[in-house]
Amino acid sequence: MTRVLRRDAHREEQLHGGYHPVACGACTTTVLVRHASAKQTSIQWPADAACPELLDRGPDGAPVRACTRLGAAIQAAERP
């Protein structure tokens, strides 16, 4: 039983460890962010996220793949 608990705790740490909530200043969508290295930032979106910028379409009709306002909030949160 102890081994299973340790494995579950390790998996929980891998999935959620080091993440910090960051809220968009425009729509208040909150994501979990982990800055893993200088070149990698991991973002976990909640299932009920409703970012209006991501619901828009680009000039070519393609879905928008990034929210510039949330991106700015994440960059600001990563600065010391």
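Assorted remarks:
- Gain upon complete extension [residue 48, residue 30; 0.36 nm per residue less C-alpha separation]: 5.5 nm
- When you count the other C-beta atoms within 10 angstrom of each residue and take the mean per peptide, 30-38, 53-61 line up highest first as 30-38, 53-61.
Laboratory data are not the source of any read-out in this text; all were calculated from the coordinates shown. Quantities reported herein were computed from a predicted structural model and do not represent experimental measurements. Every residue, glycine as well, gets a Cβ built from its backbone with ideal geometry; the counts of neighbours run over all protein chains shown.
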